[in-house]
Amino acid sequence: MRAVVGPGVLVLALVLGSCGQGGDDVDATSPSPASPQGSDDAAAEGADGPQEQGWSAVNPVIADDFPDPDVLEVDGVYYAYATNGNNRNVRVARSTDLVEWEALPDALPDLPSWVIPGKTWAPEVTELEPGRYVMYFTATSFQPTLQCIGVATSDSPEGPFEVVGDQMLVCPPDEGGAIDAATFRHEDGTLYLLWKNDGNCCGLDTWLYLAPLSADGTALVGEAVPLVQQDQPWEGNLVEAPTLVERDGTFVLLYSANDYGGDRYAIGYATAPAIEGPWTKDPEPLLTTALTQDRYVGPGGQDVVVGPDGQEYLLFHSWYGGTTYRAMIVLPLSWEDGRPVVAVD
C-alpha cells in the first residue's frame, strides 16, 4: 500500500508501476534499494517488486548527487539531466524503465569564455525534431556576474551540446539574473521558455516567467509574461523550478519553493484556464517532507514524464545523508479534475 498525496489530503491506494533497482550504475553513494523483481537475486530471495513493496523499494532511482532532474524521452529511451557534479558541467544518465540508470559522459563538456565555470545548474533539454536538440542551462555570466540562462544545441540527446551565441539567452541584471529554465510546447505549436528571475540573490521578489521561443529554440521572440511570485507562507522568500503541463483542459504550473538546502523545500502548483492566465495557486503545497512522512526530505526540482507503461511520473530530488547530496526520486502521478495527485509509498 502507499499513501497518495493530493491537494491537502492523504489516502491509501495500491502501488502501481514498473520494477527494478536504481542507483548502482550511477556512482551510488547510498545503500542500494531492493533487488528488482525478476532478477536472479529477487527470485532467489522471493523479493517482490514495487507493486507489492512500494516505491521505497527502488527509490532513489539514482542514488547519487543528481539535483534538479530534467527527463526527456526519445524513441523509448529516457535521458535524465542534472546540475553539475562529479567533474561534469551537466550530468546525464540513460534508462529504458525510469528505474535502472546508466551514467553517460558530460553533456556540456565545454563552456565559453563568457561563462564562469563551477555553477552549471538545472539543465532543460528539448527535442525540436529528430536529430535536433536544444539545452537551456543556468551558469554564471561573466558580465554581468549573475546566474543566467544560456542555450546550447546538439544532434544527439546524449550530447555533447555546444553553446550558441556569445552571451546568455536570458540575463536581466535588474532582476538578479535568471535560473531554472523549462520548456512547454503549446498545442498550436509554439514553444515557450519558462524561468525564474533570481531575485532572492539580492533581496528582490522572485517571479516565474514565460516567453515564446524561435523555431530553432535559440532566441526569445516575444515579451516575458510574469506568472506567479512568492506569496504563500510555506514558500519562504522564493518560487523557482517551473514545470508547465496541460491536463484535462487546464494549464498546471508545478514549481518548487523555500530554501533548497533543507527540509522546508517543497513542491506546489498553480492552475489557469489559458497559458497567459490568470493563475490561481493551491494555497497548500503538493509535496513536502512532512507529507511523505520524512521519507523524501526537501522534495523539489521536479519534472513530469510518461513512463514506458503509459503511467505519468513525477521525478524530483530529495536529500540523503542529512544534506550531503540530492538523489533522484520517481513517483506515480495522476490527475483529478486537472489537479495533480502524487502517490507516495
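Of note:
- Matching entry among PRO308, PRO278, PRO283 (being surrounded by fewer than 19 Cβ atoms within 10 Å (Cβ to Cβ), at pLDDT 95 or above and under 19 Å from LEU194 (Cβ atoms)): PRO278
- Identity of the residue in region 54-71, part of a strand (DSSP E or B) and touching an Asp or Glu at 6+ places or on another chain (Cβ under 6 Å), that ends up surrounded by the fewest Cβ atoms within 10 Å (Cβ to Cβ): VAL71
- Among the residues listed as THR323, THR289, the single one being surrounded by 17 or more Cβ atoms within 10 Å (Cβ to Cβ) and hydroxyl-bearing (Ser, Thr, Tyr): THR289
- Note on region 218-233: among residues that are out of contact with any Pro (no Cβ under 8 Å at 6 or more places or on another chain) and more than 28 Å from PHE161 (Cβ to Cβ), the one that is surrounded by the fewest Cβ atoms within 10 Å (Cβ to Cβ) is PRO233.
- Meets criteria (touching a residue at least 24 places away in the same chain (Cβ under 8 Å), farther than 24 Å from VAL58 by Cβ and assigned to a strand (DSSP E or B)) for ALA93: no
- For region 234-246, the criterion of being modelled with pLDDT under 95, surrounded by fewer than 16 Cβ atoms within 10 Å (Cβ to Cβ), touching a strand residue (DSSP E or B) at 6+ places or on another chain (Cβ under 8 Å) and farther than 19 Å from ALA139 by Cα is satisfied by no residue at all.
- Of all the numbered requirements in (1) surrounded by fewer than 16 Cβ atoms within 10 Å (Cβ to Cβ); (2) among the hydroxyl-bearing types (Ser, Thr, Tyr); (3) not in a loop (DSSP other than H, G, I, E, B), THR145 misses one, and that requirement is (3).
- Filtered residue count, region 110-142, keeping only those that are surrounded by 23 or more Cβ atoms within 10 Å (Cβ to Cβ) and farther than 25 Å from ALA327 by Cβ: 1
- Candidates ASP180, ASP188: the one that is in contact (Cβ under 8 Å) with a residue 60 or more places away in the chain and not in a helix (DSSP H, G or I) is ASP180.
- Single match in PRO285, PRO278 (criterion: in contact (Cβ under 8 Å) with a residue 12 or more places away in the chain, over 17 Å from ALA181 (Cα atoms), part of a loop (DSSP other than H, G, I, E, B) and not hydrophobic (A, V, I, L, M, F, W, C)): PRO285
The values are calculated or read from the model by the stated rules, or taken from the named source; none is laboratory data. Every value quoted in this text rests on a predicted model; they were computed, and no experiment measured them. We place every Cβ from the backbone using ideal geometry, glycine too, and count neighbours over all the protein chains shown.
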